[in-house]
Amino acid sequence: MMTGSVWTFMRALLSDPFRVSAIAPSGAALARLITSEITPASGPVLELGPGTGVFTDALLARGVRPKDLTLIEYGAEFARLLQSRFPGMRILQMDAAQLDLHEFFDIQPAGAVVSGLPLLSMTQEKVAAILGGAFSNLRPEGAYYQFTYGFRCPVSKSVLDQLDLDAVCIGRAFRNIPPAAVYRIVRRGAATPVAI
C-alpha cells in the first residue's frame, strides 16, 4: 500500500515528469548524507524543493529546530503535503529562481541551503538565478548542498565561475534509487563547514 507521500510523488511525476525529474522519492541514505554537515548551529536553514519532506525529516533528526527551517516548494501538491506533515513550519510555495527577491531571515542569514531541485533539467540561466538567490540569503561561511544523479557537479563550471563559487563532492549514496552524489557549494575562500 502506498503512503500519502509516495502517492503524491507518483501523481506529480506522472503529471509533470520534467519538473520532478526522479523515478522515486529520495531515500534515507541520501537524506543522511545531504544533511551530514548541518547542525542546530547551522540554523536558519533554507530547503529548496523539499518534495515529500525526506530531507526535512533528516534536518529535524539532526537537531535543526522547526522554527529555523524555511521550505521553498514550487509544486502545489507537494506544498499541501508538507503543510499536513509539518504543521506550523514555514512553507512557501514559490519558484526558487526568485529567491533574490526575498529576505527570508530577519536576525541572521541562513547557515545552509539544502536543495532537492533537479538542476540538470534546468537552463544554466535558471541554475545561476537559483544559486545567486540562495547565496544572497546565506552567511559568508554558509554552504549550499545539492544532490545529483549525474557523474559530476550539476552546476556547470561557467556558473560556478560567474558566481565565484567552489563545489566539492562530499559523498555518494549508493543505497538510493538511483544512486546519487552530494556536492557542497561555497563561496571561494570560505571556511569548510564542520559537523558537530
Practice item. Collect the residues in the range 79-91 that are loosely packed, with under 15 Cβ neighbours inside 10 Å and either part of a helix (DSSP H, G or I) or within 14 Å of the chain's Cα centre (by Cα) (or both), keeping them in residue-number order. Key: Arg80, Ser84
Exercise for review: Test each condition in (1) charged (D, E, K, R); (2) part of a helix (DSSP H, G or I); (3) open to solvent by less than 70 Å² (accessible area, probe 1.4 Å) for Asp100 and report the one that comes out false.
Suggested key: (3)
Check your understanding: When both residues are 6+ apart or on different chains and their Cβ atoms are under 8 Å apart, which pairs have a first residue that lies in the range 138-160 and is touching a residue at least 12 places away in the same chain (Cβ under 8 Å) and acidic (Asp, Glu), and a second that is in a strand (DSSP E or B) and buried (at least 17 other Cβ atoms within 10 Å of the Cβ)?
Key -> Glu141/Gly111; Glu141/Val186
Revision key, fill the gap. Output for Cβ contacts, cut-off 7 Å, separation at least six or different chains, first residue among the β-branched types (Val, Ile, Thr) in the range 89-112, second outside any loop (DSSP other than H, G, I, E, B) and open to solvent by 80 Å² or more (accessible area, probe 1.4 Å), reads Ile91/Gln83
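Report, by residue number, each residue of the range 94-117 that is among the polar types (S, T, N, Q) and within 17 Å of the chain's Cα centre (by Cα).
Correct list: Gln98, Ser115.
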**Study point:** Residue list for the range 33-78, restricted to those being within 17 Å of Gly116 (Cα to Cα), assigned to a loop (DSSP other than H, G, I, E, B) and out of contact with any strand residue (DSSP E or B) (no Cβ under 9 Å at 6 or more places or on another chain)
**Key:** Thr52
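Of all residues in the range 58-78, which are more than 29 Å from Pro140 (Cβ to Cβ) and open to solvent by 20 Å² or more (accessible area, probe 1.4 Å)?
If the condition is that a residue be more than 29 Å from Pro140 (Cβ to Cβ) and open to solvent by 20 Å² or more (accessible area, probe 1.4 Å), then Ala76, Glu77 are the ones that fit.
The values are calculated or read from the model by the stated rules, or taken from the named source; none is laboratory data. Remember, it's a predicted structure, so these values are computed and weren't measured experimentally. Quick reminder, even Gly has a Cβ in these numbers, built from the backbone with ideal geometry, and neighbours come from all protein chains shown. Remember, those area values only see protein heavy atoms, side chains included, never the ligands or the DNA or RNA. Shrake-Rupley method; radii C 1.70, N 1.55, O 1.52, S 1.80 Å.
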